[in-house]
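Values in this text are rule-based calculations from the coordinates and carry no lab data. Just so we're clear, the structure is a prediction, and the values are computed from it rather than from any experiment. Neighbour counts are summed over all protein chains in view; Cβ atoms, including those assigned to glycine, are modelled from backbone coordinates with ideal geometry.
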Amino acid sequence: MEREQGRWKSRLLDIVIYLSYMLVGGVLGYIVAFRYRPGDGAVLFLGKIVLLVASLYVAVYAQILFHELGHLFWGKISGYRFIFFRFASCTVAREGGHLRIRRLNVPGTSGQCLMSPPDRALENTPFVAYFLGGCFCNLLTGGISLAAYGFLPHRQGSLLSSLFLCMAIVGFLFAFLNGIPLHIGGIANDGMNVRKMSHSADVRQAVFHQTRLAVLLSEGQPLTDFPDSLFQLPSETPDISEENIATLKMMEYSIRFYQKEYTKAGALLGELYRARDSLPMFIQQELSGELLFYYAYLRRDRQRARQLFTDDLEEYLVKQATLEKKRILASYLLFVEKDKEQGEKMLHSAWRAAKYSLYPAAVEAEKEMLAGMGAEIREWTQEDWQY
């Protein structure tokens, strides 16, 4: 019954989002029609359309930037500590107490602002302003743009009028899609995170622990010094199907894995796998990837590894293209498929990806794992490479 209700909620959400996009498209279409004059030639009319599309493109990226700046501003006001800020592939990150500029691509997102909350008791730690700060900024800049559009003379083909109108439309749309509690693509938006954190101490603590772990990783803290308290939640039996709690469990797995506590890491994977069907798709993919590495490299269970390596998982790992995902692909190519040429290429690609990773402590642990894989295959004989 609950699963059926979840499906209907998902379908209803899809309808709402599609209607929102249709509304925006309808408004833009009306603007094009409104600006058309019978005397306009085809070239002039086409130029107006190109101008409108270009304005929309600029507006989308400008509102993404304003959204992340809103998180940054309200985070600082709330006493949060800066970890990193990303717009497109340009990332400013705090590493070892210093700010560094890096290039980082995260498929599916064009911006992100991550900050850590102040050290206060859980019930006294603010979070609403930080999480909804992006929506506030989108509403503000959308309103200012709409006011500016109203004061401008509506000349045909005016660049400013097109830009301000698009800024207003996109700003209000972003505020709606991020502020109203929704799951979009299986991921909770800002409004949904605020709602969940307001109703559950476990979720609130899980989110705060994730950011505090990110601080330790960015500072290059030795992995052996990570306290167990950062993996503990208020209740004894937290709902692991909730995405923030599941994400914290995945982070705990990674830390245990880097600490070479493979028994604990394996137990965490098993716990997550038992709740797999109730997890969001992106966490399912992350889980499948780590399980693939576990069976391909640590357990050397080629049959189980092949069962896990589906076309969907391969597409996900290739698309993400991070150091961790390349390490997983290299383990499958080398230790399951025994493909020396492609496996070594992926291993070298993983080494190159290390310079684009944000967290020094995790990078060093990943490099150690890559070095171990490389050292092992260098000792292989021709017989070892047989399929």
Which shape class applies to region 292-387: rounded if a/c is under 1.5, otherwise prolate when a/b exceeds b/c and oblate if not, where a ≥ b ≥ c are the square roots of the Cα gyration tensor eigenvalues?
oblate
Which shape class applies to region 81-144: rounded if a/c is under 1.5, otherwise prolate when a/b exceeds b/c and oblate if not, where a ≥ b ≥ c are the square roots of the Cα gyration tensor eigenvalues?
oblate
How many nm is it between the label spots at GLN307 and ILE101, if each spot is 7 Å from the Cα in line with the beta carbon?
5.0 nm
Which of rounded, prolate or oblate describes region 202-279 when judged by the alpha-carbon gyration tensor and an a/c cut-off of 1.5?
oblate
